[in-house]
């Protein structure tokens, strides 16, 4: 049995902290997790595709950060008074730095420091949350098809979430899927979020 939570267009917060709370249906900071509802404005043009609906799949290089350089910039989303933001710096020196911030009803729920780093053994996605310990994910699969590129990062230790999957669509949406086993059950949380202008917060296509 798999439990899936779909979060309306939002920038991913601390992936480990927020995804864990969603996956086990427990509150963050003693606040109930809001029920998913459609966004007031635009909706994603397409949901994440399955293997059965994908067309020709082309592998991408998993040893370099170049295929992920498009993450540069700002991402934002909001649902039920919960706002998510994530900012990434341009690819420089085999590294991209990022930070995430989640606010609800004017109060910070969590924040994190992110790093995409190219090393001798591949590309690492490192998360340092405001609560909990650092998590290190390795890019184990990267492909692209007519819908867009998809990147799968696998946790280097056996704890939830075991995988983080990023999938980009041509319309400017990004779907982050966090999944794995928790207490013996399959759990999954999907975060669709949108690229925005860093100054105005308005959605943009790039």
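Structure summary
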{"quantity": "Cβ pairs under 9 Å, 6+ apart, first in region 90-113 and touching a residue at least 60 places away in the same chain (Cβ under 8 Å) and at positive phi, second surrounded by fewer than 19 Cβ atoms within 10 Å (Cβ to Cβ) and part of a strand (DSSP E or B)", "calculated": "none"}
{"quantity": "Among (1) over 16 Å from residue 75 (Cβ atoms); (2) touching a residue at least 12 places away in the same chain (Cβ under 8 Å); (3) assigned to a strand (DSSP E or B), the one test that residue 146 misses", "calculated": "(3)"}
{"quantity": "Looking only at region 186-201, and only at residues there that are modelled with pLDDT of 90 or more and under 12 Å from residue 74 (Cα atoms), the one that is surrounded by the fewest Cβ atoms within 10 Å (Cβ to Cβ)", "calculated": "199"}
{"quantity": "Residue pairs meeting the criteria (Cβ under 9 Å; at least 6 apart or on separate chains; first at positive phi and at pLDDT below 85, in region 162-185; second surrounded by fewer than 23 Cβ atoms within 10 Å (Cβ to Cβ) and not in a strand (DSSP E or B))", "calculated": "172/45; 172/204; 172/205; 172/206"}
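The values are calculated or read from the model by the stated rules, or taken from the named source; none is laboratory data. Everything numeric here is computed off the predicted structure, so don't read it as measured data. Reconstructed Cβ throughout: ideal geometry from the backbone, glycine too, with neighbour counts over all protein chains shown.
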